[in-house]
1. Mind checking whether some residue in the range 57-65 is touching a residue at least 12 places away in the same chain (Cβ under 8 Å) and either buried (at least 16 other Cβ atoms within 10 Å of the Cβ) or in contact with a helix residue (DSSP H, G or I) (Cβ under 8 Å, 6 or more places away or on another chain) (or both)?
2. Which is within 15 Å of the chain's Cα centre (by Cα) and either more than 30 Å from residue 17 (Cα to Cα) or at pLDDT 95 or above (or both), of 71, 54?
3. Please work out which one of (1) in contact with a strand residue (DSSP E or B) (Cβ under 8 Å, 6 or more places away or on another chain); (2) exposed (fewer than 12 other Cβ atoms within 10 Å of the Cβ) is the condition residue 54 fails and give its number.
4. Give the residue that is nearest to residue 35 (Cα to Cα), with candidates limited to residues of the range 100-115 that are in contact with a strand residue (DSSP E or B) (Cβ under 8 Å, 6 or more places away or on another chain) and surrounded by fewer than 17 Cβ atoms within 10 Å (Cβ to Cβ).
5. Going through the range 66-99 one residue at a time, which ones are touching a residue at least 60 places away in the same chain (Cβ under 8 Å), crowded, with 16+ Cβ neighbours inside 10 Å and farther than 30 Å from residue 43 by Cα?
6. Of everything in the range 12-31, what is modelled with pLDDT of 70 or more and surrounded by fewer than 10 Cβ atoms within 10 Å (Cβ to Cβ)? Give them in sequence order.
């Protein structure tokens, strides 16, 4: 007759292998379509903050000013096995710098957009494939060509 241990032990062993997924977002992704509306010589600091909210950082550059906007997404995947575990974390950021003259009028800006490229993947998978990034870029308004 099977004992309690002989019935419970196989069930517990089935529960040991497991997987986990996690996602962490810091700030909303930067809206590239809004950034494309900024016009050097015309857009003001007030226009930028009205469109994007408060910047992550404000830097004084003599009489000029620069605002930095950031957004970050991280996705993690873990596979727990009996003797070995596999884990991967993919983190990507959007970053925007806007520069203003002494009258708070935009002189220029620079941006990179990649939070939409973040993927859940195992360590042996390549999350930086050019074709995959192009597909994801095409789906994000204002970024795809």
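The values are calculated or read from the model by the stated rules, or taken from the named source; none is laboratory data. Just so it is clear, the structure is predicted and the values come from calculations on it, not from any experiment. Neighbour counts run over all protein chains shown; Cβ positions are idealised from the backbone, glycine included.
1. yes
2. Values: 54 fails: within 15 Å of the chain's Cα centre (by Cα).
After applying the criteria, what remains is 71.
3. Failing condition for residue 54: (1).
4. 110
5. Those that are touching a residue at least 60 places away in the same chain (Cβ under 8 Å), crowded, with 16+ Cβ neighbours inside 10 Å and farther than 30 Å from residue 43 by Cα: none in the range 66-99.
6. Just the residues of the range 12-31 that are modelled with pLDDT of 70 or more, to begin with: 17-31.
Matches in the range 12-31: 21 only.
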